[in-house]
Amino acid sequence: MGNYKPDLSCKSIFIQVDFVQQIIPGTFEYALSHIVDKHIDLSLFDKWYDNDKGGVAAYPPSVMLKIVLFGYSGEVVSSRFKKFVTI
């Protein structure tokens, strides 16, 4: 079993913003969050995260999948992606 960091997207720890209240039903972000949380079996990632006996806790696969899919939806395919604006 993997040692995951707690998913704090529903808690206002650093910023007084609750992520769940910020996404509006009917939007792509809401649908993406709902599908990843309710309809995708992420248990296959547990065998890759064999850090329960030691090591630093990893981010939950659900959070990482949401970030990657949301980035792909906005045509961001790299963490080093920069859009150049021409005036």
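Quick note: the coordinates plus some simple rules give every number you see, no bench work behind them. As the structure is a prediction and not an experimental result, all values here were calculated from the model. Here Cβ is always computed from backbone atoms with ideal geometry, including for glycine, and neighbour counts include all displayed protein chains.
For residue 4, the residues whose amide H sits under 5 Å from its own are 58, ignoring neighbours fewer than 5 places away on the same chain, with H placed 1.01 Å from N.
Subtracting the Cα-Cα distance of residue 5 and residue 76 from their residue separation scaled by 0.36 nm leaves 23.1 nm. For the listed peptides 24-36, 57-69, a ranking on the average number of other beta carbons within 10 Å per residue, highest first, reads 57-69, 24-36.
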